[in-house]
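Novice: Here's a structure for you.
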Amino acid sequence: MRKLWPPTYDRISIRIWAIFGSVAINLLLWTLLLLGSEGAFYWMIPGLIPAFALGAMFDRPEGTFVPIVGVAVFIIGNFGFYYLVSWGVINMFTPSKNWWPEKRT
């Protein structure tokens, strides 16, 4: 198990694995949502919050610009949230280094 998890010990590789985790979670949620699962909608609320905030800034959203930007903010919000979740989970299992202060002589 030590060879498999955590995936790496350096920070850049942890971020790359967090990106892969975020993409995998978002693909799973979008697949479940397109298949008609109502439960997947509730897991996508972190992306809806900034999309609603963006929509509230416009009085009358007319045209195609605001819906396209809203969908983009929704997708980026979900990706960012689940990136942070994946990053946190990976960092919880990564052993810390040099956490104890050295003795002064």
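Nothing in this text is a laboratory measurement; each read-out follows from the coordinates by a stated rule. Because the structure is predicted, anything quoted here is derived from the model rather than measured. Because the Cβ atoms are built from the backbone with ideal geometry, glycine has one as well, and the counts that use them run over all protein chains shown.
Novice: Pull out the extension gain between Ile68 and Arg104, defined as 0.36 nm times the separation in residues minus the alpha carbon to alpha carbon distance; nm, one decimal.
Specialist: Working: separation 36, 0.36 × 36 = 12.96 nm, distance 5.89 nm.
Separation in residues times 0.36 nm, less the Cα-Cα distance, equals 7.1 nm.
Novice: Here is a follow-up. Which chymotrypsin sites (Phe, Trp or Tyr not before Pro) in segment 12-46 sit in a loop by DSSP (not H, G, I, E or B) and have at most 11 other Cβ atoms within 10 Å of their own Cβ?
Specialist: none
Novice: Another question about this same structure. Points 7 angstrom from Cα along the Cβ direction at Leu27 and Ser96: gap in nanometres?
Specialist: 3.5 nm
Novice: For Val89 and Leu35, calculate 0.36 nm times their separation in residues minus their Cα-Cα distance, and state this gained length in nm to one decimal.
Specialist: Going from the current span to full extension adds 16.7 nm.
Novice: If you don't mind, another one. Per the Kirkwood treatment, what hydrodynamic radius in Å, one decimal, follows for segment 11-93 from the mean inverse distance over all distinct Cα pairs?
Specialist: That comes to 13.8 Å for segment 11-93.
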